[in-house]
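Structure first, then comments.
The values are calculated or read from the model by the stated rules, or taken from the named source; none is laboratory data. These numbers were taken from a predicted model, which means no experiment stands behind them. Backbone-built Cβ (ideal geometry, glycine too); neighbour counts: all protein chains shown.
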Amino acid sequence: MNDLTGAAYTGDVSVSTFYLNPADVDFNNYMPGNLVGLNSGNQQKILQSFGMTSIEMNNAAGEKLQLASGKTAIITLPIPSAMQATAPATIPLWYVDETKGIWKQEGTANKQGSNYTGTVAHFSFWTAGQLLQDIRLDATFIADSS
């Protein structure tokens, strides 16, 4: 593990996680921002989440830690029962770029039973999400003169 300056850290570590169920009616109240992401082609798209988690590591003083460069961790995201039938076998993983406030695609997760499992190189908010189909909507607005 490293501290945020990149220096190796070897002391006590506190790990906290929080799972967000996309089938929960309050899901949008707990997730960061909205589900707009930049895919691997740098195109802005809307995502459908099949499970989301927040993972954070802190040292004894409460300062954030990250995985050391070149190290990875495996994350597992439960797929809500209402979404299992439509959950794809492989799905992109997305994390929140906290500086830009947008989701970025990084890696994939595989469906294993009722969970998605994937490998990540840093901790943040992560979601297993697929791109939603773009639609074009044309509208004409007419002002009422009365």
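Quick notes
- Residues that are at pLDDT 90 or above, under 19 Å from T86 (Cβ atoms) and out of contact with any Ser or Thr (no Cβ under 6 Å at 6 or more places or on another chain) within region 38-72 comprise I46, L47, Q48, F50, G51, listed in sequence order.
- Qualifying residue in region 128-146 (condition: among the hydroxyl-bearing types (S, T, Y) and in a strand (DSSP E or B)): no
- Checked against the criterion of being in a strand (DSSP E or B) and surrounded by 15 or more Cβ atoms within 10 Å (Cβ to Cβ), the candidates I91, I74 yield just one match: I91.
- The residue pairs whose first member lies in region 39-50 and is touching a residue at least 24 places away in the same chain (Cβ under 8 Å) and surrounded by fewer than 18 Cβ atoms within 10 Å (Cβ to Cβ), whose second member is part of a strand (DSSP E or B) and among the charged types (D, E, K, R), and whose beta carbons are closer than 8 Å, counting only pairs six or more residues apart or on different chains, are N39/K45.
- For S16, the conditions (1) modelled with pLDDT of 90 or more; (2) over 23 Å from K64 (Cβ atoms); (3) surrounded by 10 or more Cβ atoms within 10 Å (Cβ to Cβ) are fulfilled apart from (2).
- Exactly one residue among K45, K104 is of a type in the set (K, R) and within 13 Å of the chain's Cα centre (by Cα), and that residue is K104.
- Restricting attention to region 59-74, the residues that are in contact with a Leu (Cβ under 8 Å, 6 or more places away or on another chain) and either more than 10 Å from Y9 (Cβ to Cβ) or without any contact (Cβ under 8 Å) to a residue 40 or more places away in the chain (or both) total 2.
- Filtering region 115-146 to residues that are surrounded by 12 or more Cβ atoms within 10 Å (Cβ to Cβ) and either closer than 21 Å to A68 by Cβ or hydroxyl-bearing (S, T, Y) (or both) leaves Y116, T117, G118, T119, V120, A121, H122, F123, S124, F125, W126, T127.
- K100 being modelled with pLDDT under 95, surrounded by 11 or more Cβ atoms within 10 Å (Cβ to Cβ) and either within 27 Å of G6 (Cα to Cα) or β-branched (V, I, T) (or both): no
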